[in-house]
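Notes for the one structure printed next.
The values are calculated or read from the model by the stated rules, or taken from the named source; none is laboratory data. No experiment lies behind these values; they were computed from the predicted model shown. Here the Cβ is made from the backbone with ideal geometry for all residues, glycine too, and neighbour counts use every protein chain on show. Note: areas computed on protein heavy atoms with side chains; ligands, DNA, RNA excluded. Shrake-Rupley method; radii C 1.70, N 1.55, O 1.52, S 1.80 Å.
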Number of protein chains: 2
Amino acid sequence: MLIAEPLHIAIEELSKLPGIGKKTAQRLALHILKSSPENVENLINAVQDLKTKIHFCKRCFNISVEDLCRICQSSKRDSSIICVVEEASDVIAVEKSHEYTGLYHVLGGVLSPLSGISPDELKIKELMKRFENEEIKEIILALNPDTEGETTSLYLAKLLKPLGIKVTRIARGLPVGGDLEFADEATVGRAMLNRIDL
Amino acid sequence: MLIAEPLHIAIEELSKLPGIGKKTAQRLALHILKSSPENVENLINAVQDLKTKIHFCKRCFNISVEDLCRICQSSKRDSSIICVVEEASDVIAVEKSHEYTGLYHVLGGVLSPLSGISPDELKIKELMKRFENEEIKEIILALNPDTEGETTSLYLAKLLKPLGIKVTRIARGLPVGGDLEFADEATVGRAMLNRIDL
């Protein structure tokens, strides 16, 4: 074999990570090989702690060190609004905007008949159950603006509307700092339709 | 804090890897968080084995599981030729070409006064020592065609020439499958100068 066995295995394992091809995996493996033992130990411990120390919030399925995540625990958050997102990374994205003070619900994916993801695979039942114990006035659907995100939004809206709750969806339009000239037609079209009074 | 502590640490550690920014590190960490315990264990073991099972060849400083690497151990290799490369990854690149059957010597870097890399930092003394025990007829310098690679090549050539050994350098020219029109001037210039008889 061209490459020493442990290096070969490391390249295989690293290239299973998203967005990491064989070439990048080789560069990472050779970098790790040249790193100090302490640095490698820090990396290994950090990865291990991810799995052992982090759980999912029992209420909203956001990542959390405790049973309930910091957002669900906080008394400063408006518990009458729930923002529904696809993944925990989307919670981070919304939090970074500093424009939202309500709670979250992480679905863990979106409906996708092609990939075999049905409503049962997502935390939809768990979302519906929250209405039994929580006083919820508004659900904000913040799923990605693609086909699967739209389908899931429509599915959820159909489920939620009969409960008499306000269901909204985050706005579509031109990204801040974006350029009208370079925006795609669908985005410009949406931005025109959803125009607001000034 | 916006992000749970273990996730924050994992993102910090992952973003220390070459070519991995904060955003990619976050994606990798969240992927690891969602992976099965077995997959994460396989990844951790592979990284750990890299550091514990792989050493550097005592003769050529290529990566190796044993004291001598497979290439140095092989009786099929021509031990009268040594190809000098910068890193172990370059050994892999040359081996993949299937055009070379001699031995290697991995310098572990190139001369770079700006980064403070002097000849003492590289395995140059070790290369010179090989002449005491090995019957070497040719040294092929296969360093990268950049300023630092060229400087190191010239430095090594000056050291090696007095020993009466043939010193060669891998050819510069148009890459196979490349396009004359899109090649930079320096490459086309070199390709013209180094033209060969047909």
Qualifying residues in the stretch A:33-50 (those that are small (Gly, Ala, Ser) and more than 7 Å from chain B (Cβ to nearest Cβ)) - the one surrounded by the most Cβ atoms within 10 Å (Cβ to Cβ): A:35
Residue list for the stretch A:73-132, filter: part of a strand (DSSP E or B) and more than 13 Å from the chain's Cα centre (by Cα): A:78, A:79, A:80, A:81, A:82, A:102, A:103, A:112, A:117
Residues of the stretch A:48-74 that turn out to be hydroxyl-bearing (Ser, Thr, Tyr) and over 18 Å from residue A:130 (Cβ atoms), as a count: 1
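Got a number for residues in the stretch B:164-193 being of a type outside the set (S, T, N, Q) and either in contact (Cβ under 8 Å) with a residue 40 or more places away in the chain or in a helix (DSSP H, G or I) (or both)? Lay out the reasoning, then the answer.
Going through the stretch B:164-193, the residues of a type outside the set (S, T, N, Q) turn out to be B:164-167, B:169-186, B:188-193.
Right, trim to either in contact (Cβ under 8 Å) with a residue 40 or more places away in the chain or in a helix (DSSP H, G or I) (or both) and you get B:180-182, B:185-186, B:188-193.
Within the stretch B:164-193, residues that are of a type outside the set (S, T, N, Q) and either in contact (Cβ under 8 Å) with a residue 40 or more places away in the chain or in a helix (DSSP H, G or I) (or both) number 11.
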Pairs where the first residue, in the stretch B:143-163, is among the β-branched types (Val, Ile, Thr) and the second is open to solvent by 60 Å² or more (accessible area, probe 1.4 Å) and assigned to a helix (DSSP H, G or I), C-beta under 9 Å, 6+ apart: B:151/B:113
Yes/no for residue A:154 being outside any loop (DSSP other than H, G, I, E, B) and crowded, with 19+ Cβ neighbours inside 10 Å: no
Residue within the stretch A:164-171 that is open to solvent by 70 Å² or more (accessible area, probe 1.4 Å), over 23 Å from residue A:122 (Cβ atoms) and modelled with pLDDT of 85 or more present: yes
Members of the stretch A:80-99 found to be in contact with a Lys or Arg (Cβ under 9 Å, 6 or more places away or on another chain) and not hydrophobic (A, V, I, L, M, F, W, C), listed by number: A:80, A:87, A:89
Of the criteria (1) in a loop (DSSP other than H, G, I, E, B); (2) under 30 Å from residue B:70 (Cβ atoms); (3) at the interface with chain B (Cβ under 7 Å from one of its Cβ atoms), which one residue A:30 fails: (1)
Residues (among the hydrophobic types (A, V, I, L, M, F, W, C), within 13 Å of chain A (Cβ to nearest Cβ) and surrounded by fewer than 14 Cβ atoms within 10 Å (Cβ to Cβ)) located in the stretch B:88-147: B:93
Number of positions in the stretch B:4-27 that are under 15 Å from residue A:92 (Cα atoms), open to solvent by 30 Å² or more (accessible area, probe 1.4 Å) and more than 7 Å from chain A (Cβ to nearest Cβ): 3
